[in-house]
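The values are calculated or read from the model by the stated rules, or taken from the named source; none is laboratory data. All values reported here derive from a predicted model rather than from experimental measurement. Positions of Cβ are backbone-derived with ideal geometry, glycine not excepted, and every protein chain shown enters the neighbour counts.
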Amino acid sequence: MDKDKRQTIIAVILLVILIGAVIVITYIVKFSGLANEVGNDNNEVINNSNPADQYVTVTPYQYTDAEGVFTTFNVSTISFKNLDESLTSEFLQKQQEFIDRVDILHQQVLDLGVTDYGTNSIMSVINYTVSDSILSVVYQFKVNIPLLSINTTEAISLNIDLANQRIMTNDLMLSYLEKDINNVANRVFEETIMTLNFEDNNYVDIDTETKVDATNVESFREVYVTKIADYLQNNGIGYIVNDQYNIMYHNSDILALLFNVDIVADAEYTIQSVQ
């Protein structure tokens, strides 16, 4: 074989190798990019504009009997994906309890036997986000049915540490954020207890049966702050919004915790940011 033929064969071989290398590199790059888009085994694409969408799906709840009885019916439900079911089962069970109440409330209105149902509403308010690898979901269920003397809002929340696949309780969240629940409890004491109308209402301490008024309320601060802090840790609805951890609670629940007196339940939650 002469020199020119050998050079031609070598050139062809090098060209084939080069083309093969380009194909392999292109495939690797394409596969790598796809891997960043695949959300789960079902090949759902992650919506990078809202990272929480790869874990949360919101679906309107269709209730065919709403018309007529409920002037406003705007309820949705949450389902989860790409998460261990054990992390979401309790949240979904509580959500189902809300949904099950729709039929019960509907029947209670019908049982009144009235011709004018007035203005009744059932609504849900849902917020979800991913902040610093924490998936945070809060679901509010709002019912306002004057015929049944019902005007309430109930809420549930779920915070999941995606990196470690664990549920984040209020205790864990506060520790994670290096925040002290007593600071929040002190603000609740100032805003809820110190602003009470002691003159027109008979507030009696639930433990000592001592009348609490403007002259001695400060002496109860330490005990009440401790009780409030414990209540918020165990019963407060903690969630993240705009990268801020908040805790929701009913002021009426705080008052019932401290005083031996009839308390009118709140329709809405009070919100405290954890600072």
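Descriptive notes on the structure:
- Some residue of region 257-265 being at pLDDT 95 or above, loosely packed, with under 13 Cβ neighbours inside 10 Å and over 18 Å from the mean Cα position of the chain (by Cα): no
- Considering region 97-124, and only residues there that are free of Cβ contacts under 8 Å to residues at least 12 places away in the same chain and part of a loop (DSSP other than H, G, I, E, B), the residue that is nearest to the chain's Cα centre (by Cα) turns out to be D116.
- Residues in region 197-219 that are of a type in the set (A, V, I, L, M, F, W, C) and either within 30 Å of V130 (Cβ to Cβ) or out of contact with any helix residue (DSSP H, G or I) (no Cβ under 8 Å at 6 or more places or on another chain) (or both): V204, A214.
- Selection count where residues are polar (S, T, N, Q) and modelled with pLDDT under 95, scope region 55-81: 4
- Where helices (runs of 4 or more DSSP H) fall entirely within region 149-237, none has at least 3 residues that are in the same structural domain as N120 (by TED's automatic domain parsing) and without any contact (Cβ under 8 Å) to a residue 40 or more places away in the chain.
Yes or no, residue by residue, for (1) over 19 Å from Q95 (Cβ atoms); (2) surrounded by 14 or more Cβ atoms within 10 Å (Cβ to Cβ):
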{"site": "S133", "(1), (2)": "yes, no"}
{"site": "N144", "(1), (2)": "yes, yes"}
{"site": "I160", "(1), (2)": "no, yes"}
{"site": "I167", "(1), (2)": "no, yes"}
{"site": "S175", "(1), (2)": "yes, no"}
{"site": "I181", "(1), (2)": "yes, yes"}
{"site": "N186", "(1), (2)": "yes, yes"}
